[in-house]
Amino acid sequence: MVSLRNLEGALKRLSNIGSLLKKIYRQYNGRLLTSLQNRGFNDLRPSFLEILVYVCEVDGPTIKEVGNACELKKQTMTSHLNELQKRGYIIRKVSEHDKREQRVFLTEYGERFKFSLLESIELLDSDYTSIVGDLEMDRVNSTLESFHQKTSTRESDDNSKFQLNLSLDF
């Protein structure tokens, strides 16, 4: 049986972890957006950054790949891609291998953005490293990657069991 003290401790710990991750992410996004605005990219929102970072990292991903990587719903994804295309950052092209699929590419303006993004990230990384040190940056990265991988695997296993149970019930 779970004691109230243990339950309160677990709640406090998980709440604190979630809160700290959210604060760090918002701080990172805010500083990155400010740096990009200082370089002339004034029309971006934090939600656009995730998509653009992924498209900068992966050349010509499919819309589905971008959506999965950013964990966005299809409607949100479509809306953001429409905005980014309208603003001149990306272009969508029909895949040569599968005509039902569209791939996302950076435009010339998007390539200039990519250069500024890489500069901004390098400066931000340098700033964080000067504050906490290389070892701590590597440790935080490793811990978060491990935590994400272990909990993501667990979630997908739990979802599979749930789906399997549902299918067996019918």
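The values are calculated or read from the model by the stated rules, or taken from the named source; none is laboratory data. No experiment lies behind these values; they were computed from the predicted model shown. Note that we place each Cβ from the backbone using ideal geometry, even for glycine, and neighbour counts take in every protein chain shown.
Couple of notes before you dig in:
- Restricting attention to the range 55-91 and to residues that are hydroxyl-bearing (Ser, Thr, Tyr) and touching a strand residue (DSSP E or B) at 6+ places or on another chain (Cβ under 9 Å), the residue that is modelled with the highest pLDDT turns out to be Tyr89.
- Residues that are farther than 20 Å from Ser152 by Cβ number at least 2 in the following helices (runs of 4 or more DSSP H) confined to the range 9-87: 46-57, 74-86.
- Residue count for the range 22-43, restricted to those that are without any contact (Cβ under 8 Å) to a residue 12 or more places away in the chain and aliphatic (A, V, I, L, M): 1
- Among residues of the range 82-110 being polar (S, T, N, Q) and free of Cβ contacts under 8 Å to residues at least 12 places away in the same chain, the one that is surrounded by the fewest Cβ atoms within 10 Å (Cβ to Cβ) is Asn82.
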